[in-house]
Amino acid sequence: MTANPEASKNSTNSDVTAPHHVAIIMDGNGRWAEAQGLDVSDGHNAGFENLRRVVADFAKRGVEYLTLYAFSTENWDRPESEVNGILALAIAVIAHEAQQLNENGVRIKHLGRVDRISPDLRDELEQAVTTTATNTGLTLGIAFDYGGRAEIANAAKQMIADGVAANDVDESKFALYLYTTDMPDVDLLIRTGGDFRISNFLLWQTAYAEFYSSEILWPDFYGEHIDKAFESFSDRQRRFGKRV
Ligand code: IPE
Ligand code: IPE
Ligand code: MG
């Protein structure tokens, strides 16, 4: 599962240029459950199962940074039972997967607020982040209690708290104070579930990301669907505002 650039040569579509940083809005768990007459909690279960599956898929394709939107600052407004179910699932998945991810050289990062999640989840995340901090393979960003606006407001607050002078505030300084401090900008932003909106995800880091929306609901998004997203990415001409 390490992000070895050579590894992409062995993947099924070695001719496709791999993006360095892929971010995913993992949407559609509720609709997936509904379509099968299941409870929303079954949808989230299936979504977390898929998450385990795709981390390896992305590493195999040569991606160095993968950031997954697991729970937004707005998702707290869902029914309490749903929220509690997601928190419990997140704890279970991290507790179960962290060791294997560590053995595969994955570096885990948490992006988001830590003051509202349950102490159990905070502990699991902290432990996973600390244990994997010096790994050099894929960097896996887990966006949990994440909001792009909250992240930007928090960065401003921290800069003021650190006494950063107004004249020293520029884009690179600002970026250092974001949760993504040592991660590059997003190259490819994937949203599953068919919608075309950003829902408060990585507002700063997606300034020039290529957007890919898939109709596939998150629990079913793996394998060939990832290949399609990569093929689409390799067809894009990125200009970054320049005349090329
Ligand atoms: C995304 O799936 C997972 C979270 C927001 C936690 P949803 O639960 O939003 O699925 P839909 O959009 O209702 O289908
Ligand atoms: C975005 O999905 C958040 C996550 C995938 C964690 P939502 O389902 O919360 O987004 P909206 O409400 O459709 O914009
Ligand atoms: Mg949704």
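The values are calculated or read from the model by the stated rules, or taken from the named source; none is laboratory data. These figures come from a predicted structure and were not determined experimentally. Reconstructed Cβ throughout: ideal geometry from the backbone, glycine too, with neighbour counts over all protein chains shown. For accessibility, only protein heavy atoms count, side chains too; no ligands or nucleic acids. Shrake-Rupley method; radii C 1.70, N 1.55, O 1.52, S 1.80 Å.
If you go through the range 19-54 and pick out every residue that is in contact (Cβ under 8 Å) with a residue 60 or more places away in the chain, open to solvent by 30 Å² or more (accessible area, probe 1.4 Å) and away from ligand 3 (no atom under 15 Å from the Cβ), you end up with 3. Taking the numbered list (1) within 16 Å of ligand 3 (Cβ to nearest atom); (2) assigned to a loop (DSSP other than H, G, I, E, B) in turn, V244 passes all entries but (1).
Does the range 57-67 contain at least one residue that is within 15 Å of ligand 3 (Cβ to nearest atom), within 23 Å of I91 (Cα to Cα), at pLDDT 95 or above and of a type outside the set (F, W, Y)? No; the residues of the range 57-67 include none that is within 15 Å of ligand 3 (Cβ to nearest atom), within 23 Å of I91 (Cα to Cα), at pLDDT 95 or above and of a type outside the set (F, W, Y). Among residues of the range 193-220 that are farther than 23 Å from A33 by Cβ and of a type in the set (G, A, S), those with a Cβ under 9 angstrom from a residue that is more than 14 Å from ligand 3 (Cβ to nearest atom) and not in a loop (DSSP other than H, G, I, E, B), sequence gap 6+ or separate chain, pair up as A209/H21; A209/A23; A209/L188; A209/L189. Can you find a residue that is at pLDDT 95 or above, among the acidic types (D, E), within 22 Å of A90 (Cβ to Cβ) and in a helix (DSSP H, G or I) anywhere in the range 222-229? No, the conditions are met nowhere in the range 222-229.
Residues in the range 107-114: is at least one without any contact (Cβ under 8 Å) to a residue 24 or more places away in the chain and open to solvent by 30 Å² or more (accessible area, probe 1.4 Å)? Steps first, please.
Going residue by residue through the range 107-114, those that are without any contact (Cβ under 8 Å) to a residue 24 or more places away in the chain are none.
The answer is no, given that none of the residues of the range 107-114 is without any contact (Cβ under 8 Å) to a residue 24 or more places away in the chain and open to solvent by 30 Å² or more (accessible area, probe 1.4 Å).
For the range 215-244, name all the residues that are away from ligand 1 (no atom under 13 Å from the Cβ), under 21 Å from N29 (Cβ atoms) and open to solvent by less than 70 Å² (accessible area, probe 1.4 Å). Walk me through it before giving the result.
Of all residues in the range 215-244, those away from ligand 1 (no atom under 13 Å from the Cβ) come to 222-244.
The next check asks that each one be under 21 Å from N29 (Cβ atoms); those that pass are 222-226, 228-229.
Listed by number, the residues that qualify are G223, H225, I226, A229.
Considering only residues in the range 181-209 that are β-branched (V, I, T) and closer than 25 Å to G28 by Cα, the one that is most open to solvent (accessible area, probe 1.4 Å) turns out to be I198.
Condition first: more than 14 Å from ligand 2 (Cβ to nearest atom) and either of a type outside the set (A, V, I, L, M) or over 13 Å from the mean Cα position of the chain (by Cα) (or both). Can you find one or more residues in the range 24-32 that meet it?
Taking the range 24-32 first, the residues more than 14 Å from ligand 2 (Cβ to nearest atom) are none.
Scanning the range 24-32, I find no residue that is more than 14 Å from ligand 2 (Cβ to nearest atom) and either of a type outside the set (A, V, I, L, M) or over 13 Å from the mean Cα position of the chain (by Cα) (or both), so the answer is no.
Residue pairs whose Cβ atoms lie under 9 Å apart, sitting 6 or more positions apart in sequence or on different chains, and linking a residue in the range 153-166 that is more than 26 Å from N200 (Cα to Cα) and surrounded by 13 or more Cβ atoms within 10 Å (Cβ to Cβ) to a partner that is modelled with pLDDT of 95 or more and not hydroxyl-bearing (S, T, Y), are V164/Q158; V164/K173.
For the range 17-32, a tally of residues being at pLDDT 95 or above and in a loop (DSSP other than H, G, I, E, B) returns 5. With respect to the conditions (1) in contact with a helix residue (DSSP H, G or I) (Cβ under 8 Å, 6 or more places away or on another chain); (2) surrounded by 16 or more Cβ atoms within 10 Å (Cβ to Cβ), F174 falls short on a single one, namely (2). When E124 is evaluated against the numbered criteria (1) free of Cβ contacts under 8 Å to residues at least 24 places away in the same chain; (2) away from ligand 3 (no atom under 16 Å from the Cβ), which criterion, by number, is the only one it fails? Among (1) free of Cβ contacts under 8 Å to residues at least 24 places away in the same chain; (2) away from ligand 3 (no atom under 16 Å from the Cβ), the lone unmet condition for E124 is (1). Residue count for the range 33-74 under the criterion of being in a helix (DSSP H, G or I), within 10 Å of ligand 1 (Cβ to nearest atom) and of a type in the set (F, W, Y): the result is 1.
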